[in-house]
Amino acid sequence: MRLYLDGELFGAETSARIEPDGDRFRLITDGGCVSVAAVRVGDEVLVSHRGFQYKFSTKPPSRTGAGAAASGEARAPMPGLIVDVRVQVGDSVTKGQTLVVLEAMKTQQPLLAPFDGEVAHLGVVTGQQVEDSAVLFRVTPK
């Protein structure tokens, strides 16, 4: 099976799979196993691991535009509750800095700045319930 991670081929042919593990999931690949928060949406599996969000699919990606990370836009990887907003519009941020924390599936998931820049848009407040794919923030490069 060919597995795509955020639109790019993940290795070559792989036997990667997602298995339930209590209130989390195990991502098992030829290279090993990690515990992750994941949710299946149609043909895709959205995975949150160590503050980063990944979208796995067995379908090849459409080749339209740069990805969300390249655009600086962060979307909710799954429905959840915003438990912390650590920035305001206009704030300078550094790559990897936690900007928003989403709680989903009993797990807090920090959403990080994709690169150094400035917060151009903030679409959430602490305590807000968000739907899958809701725009949380957008960072523009400096």
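Quick rundown of the values:
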read-out: Principal axis box of the range 67-142, alpha-carbon based, largest edge first, Å; value: 34, 23, 18
read-out: Candidate lysines - alpha carbon under 23 Å from Lys55, same-chain residues fewer than 8 apart omitted; value: Lys95, Lys106
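Rule-based calculations on the coordinates, nothing more; no lab input. Fair warning: this is a prediction, and the values are worked out from it, not measured in the lab.
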